[in-house]
1. Compute the FRET efficiency between residue 36 and residue 181 as 1/(1 + (r/R0)^6), taking r as their Cβ-Cβ distance and R0 = 45 Å, and round to the nearest 0.05.
2. Over the chain, what is the mean sequence separation of C-alpha contacts under 8 Å (at least six apart), divided by residue count, expressed as relative contact order in percent?
3. Kindly state, to the nearest 0.05, the FRET efficiency for residue 53 paired with residue 229, given R0 = 30 Å and r defined as their beta-carbon distance.
4. Share of Cα-Cα pairs in the stretch 105-246 beyond 24 Å, in percent?
5. Applying 1/(1 + (r/R0)^6) with R0 = 22 Å to the Cβ-Cβ distance of residue 134 and residue 204, what FRET efficiency is obtained, to the nearest 0.05?
6. Between the stretch 43-99 and the stretch 1-27, what's the alpha-carbon centroid distance in Å?
7. For the stretch 196-317, what does the alpha-carbon gyration tensor say about shape, rounded, prolate or oblate, given a ≥ b ≥ c as the root eigenvalues, a/c under 1.5 as rounded, and a/b over b/c as prolate?
8. Rounded to the nearest 500, what is the chain's calculated 222 nm mean residue ellipticity when only DSSP H runs of at least 4 contribute -39500 (n - 2.57) each, over all residues?
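What follows is calculated from the coordinates using simple rules that are stated; it is not laboratory data. Since the model is a prediction, treat every value here as computed from it, not as a measurement. Counting neighbours? That spans all protein chains shown, and the Cβs are built from the backbone with ideal geometry, glycine included.
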């Protein structure tokens, strides 16, 4: 029997569907796949090259793609038109770099809106967010890199997305300044504990009771929308609009499945990766096991949407209009430093100085 090792992230959404699909694959193909998992914080920052030397299959996020291409640590993937045709927004394209595909999306995500339906309905505009925040009923994850992600989303939704390429100023000063001003105004109203919280911690708190009614910008987690999974359920919806861009501009997230360049059974690994990213698995066992689909077949499954409490239909417009982060070699260290710089601005209010620093840091990230 061929044996493969995989690495994913530590959340039911990240591990449960992979375990279920691996059991099924072992029964039908005689390939045994075991999985290890890392914390969300480690997942966002751990060197992909080190993972590639120790695992055959790696669940990754797209901003690493420029770095891993330079390091040569992933196996380029073959054409898979059945996966490409099912892209949710830019999720498939986000793993394309220098003319090759380096991962296939298995989980599509972007910042969306989470609400407690027993406390409020979905908010449609940013003024509504601020009104609810003044009542002490809003939370937003600001632990790096999530404050930066909300800045990205607001800038793009205002019609001034941050730049992604070499030789460009990182952001339009008027649009970025307004985005950071809006985010600071909200940060001033929420509990300071938000600066130490990621999306999982905010959603855990919302679904445990209390009075927080809305997280206006937060990465969607299908696990919290499934009826009966938590003491209190949240529902997920399109982001509130700043009035300029509808629900467009949310910072794209999600994960893809990649194959290590050091894998000793690459054909077996590629076959499994293509299977779990394909429409049949994605609209079937992947979502049935609690996964958040990365293929449009899963997002448009009426049964899957009903089982997830309307998660897919409630957020698909935001996913389709999402904005893709930079992906060049050098972006990941920039993301961490920029997130810390944005959070500093959210506390000291020095917006212009922060934008100056972000421009300089972005230029330096290209080496």
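1. On the way: r = 43 Å, r/R0 = 0.94.
Computed FRET efficiency for residue 36 and residue 181: 0.60.
2. 28
3. Step by step, r from the Cβ atoms, then E = 0.25.
4. 28
5. Values: r = 24 Å, r/R0 = 1.10.
Efficiency for this residue pair is about 0.35.
6. Result: 18 Å between the Cα centres.
7. prolate
8. Using -39500 (n - 2.57) per qualifying helix, the result is -12000 deg cm²/dmol.
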